[in-house]
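S.K.: So that we are looking at the same thing, I have put the structure below in structure tokens.
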Ligand SMILES: Nc1ncnc2c1ncn2[C@@H]1O[C@H](COP(=O)(O)OP(=O)(O)O)[C@@H](O)[C@H]1O
Ligand SMILES: [Mg+2]
């Protein structure tokens, strides 16, 4: 589905990604693992148009999307969350949700003046309610983020990311900062989203968390792919073990 071919990204003298290639399966969950600074977020940014790769191509469902701006990547059906919460503190959850509502077709200002966009916004409201319900955050809809548990906010971000009915969802460390209970809850949500036919690429370095979720695993270290395969294959990969545990442990 997502075809990463020989991608390279440099920041000045820092080579953040070098000759990264992999293809995600058409269905299910792919986990992108690797130590801090390995280049995981940079790869997400290169896929979604937040940074421009210096080399290589990104294709999605056979279409070349390399170097496209984030809005265009989004229109292809790729949605994402960010490593840090991306929620406006002054707005309640429902209002934050509206900000995430970028329809495939935007209402025209002229139609708005004529009152012809009512059905558009009615549909938007319906979809917003549906998505908040889907991840069980409806009871927090009128509250601002400062009074909402962190785990709920993480689920909220999932709800906002699926508003547009994406084909593919990129999650950057969705489980970071969550307790065990919240992680289990999140895993259930992720499975539910996959059950709706959404393909997921997830950055996560909690091996425990991905063990029950990932159909395919890719491990990055110092900007390069050092292992890919099933969870079991990657977990037994010597280079991956070395990256995680250090030379002495392997
Ligand atoms: N905007 C940037 N400018 C300069 N260096 C960056 C930038 N973004 C990331 N880097 C560097 O690229 C490398 C990979 O970072 P990152 O992709 O955030 O890693 P990860 O998400 O795997 O922890 C790091 O060395 C980081 O310092
Ligand atoms: Mg990161």
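S.K.: Based on DSSP H runs of at least 4 residues, each adding -39500 (n - 2.57), what is the mean residue ellipticity at 222 nm of the chain after dividing by all its residues, to the nearest 500 deg cm²/dmol?
M.R.: -10000 deg cm²/dmol
S.K.: Turning to a different aspect of this structure: Measuring from label point to label point, each 7 Å out along Cα→Cβ, what is the residue 125 to residue 206 span in nm?
M.R.: 3.7
S.K.: Give the order of 24, 52 when sorted by the count of other beta carbons within 10 angstrom, beginning with the fewest.
M.R.: In increasing order of surrounding Cβ atoms, one gets 52, 24.
S.K.: Taking 0.36 nm per intervening residue step and subtracting the Cα-Cα distance, what contour gain separates residue 10 from residue 230 on full extension?
M.R.: That works out to 76.3 nm of additional length.
S.K.: Stretch residue 86-residue 19 to full length: gain in nm at 0.36 nm per residue minus the Cα-Cα span?
M.R.: 21.1 nm
S.K.: Using Cα pairs closer than 8 Å and at least 6 residues apart in sequence, work out the relative contact order for the chain, in percent.
M.R.: 27
S.K.: Follow-up. Given bins 5 angstrom wide, list per bin the percent of all Cα-Cα distances in the chain, short to long.
M.R.: 1, 6, 13, 16, 18, 16, 13, 8, 5, 2, 1, 0, 0, 0, 0
S.K.: Shape call for region 202-250 from the C-alpha gyration tensor, a ≥ b ≥ c root eigenvalues: rounded (a/c under 1.5), prolate (a/b greater than b/c) or oblate?
M.R.: It is prolate, given that a/c is not under 1.5 and a/b is the larger ratio.
S.K.: Taking other Cβ within 10 Å of each residue's Cβ, how do 66, 42 sort, fewest first?
M.R.: Lowest count first: 66, 42.
S.K.: Calculate the spin-label point distance for residue 196 paired with residue 215, positioning each point 7 Å from the Cα along the beta-carbon direction, and give it in nanometres.
M.R.: 1.8
S.K.: Please report 220, 213 as a ranked list, fewest other C-beta atoms within 10 angstrom at the top and most at the bottom.
M.R.: Least to most surrounded, the residues fall as 213, 220.
We did not get these values from a lab; they are worked out from the coordinates using the rules stated. Computed from a predicted model, the values in this text were never measured in an experiment. FYI the Cβ positions are ideal-geometry reconstructions off the backbone, even for glycines, and counts take in every protein chain you see.
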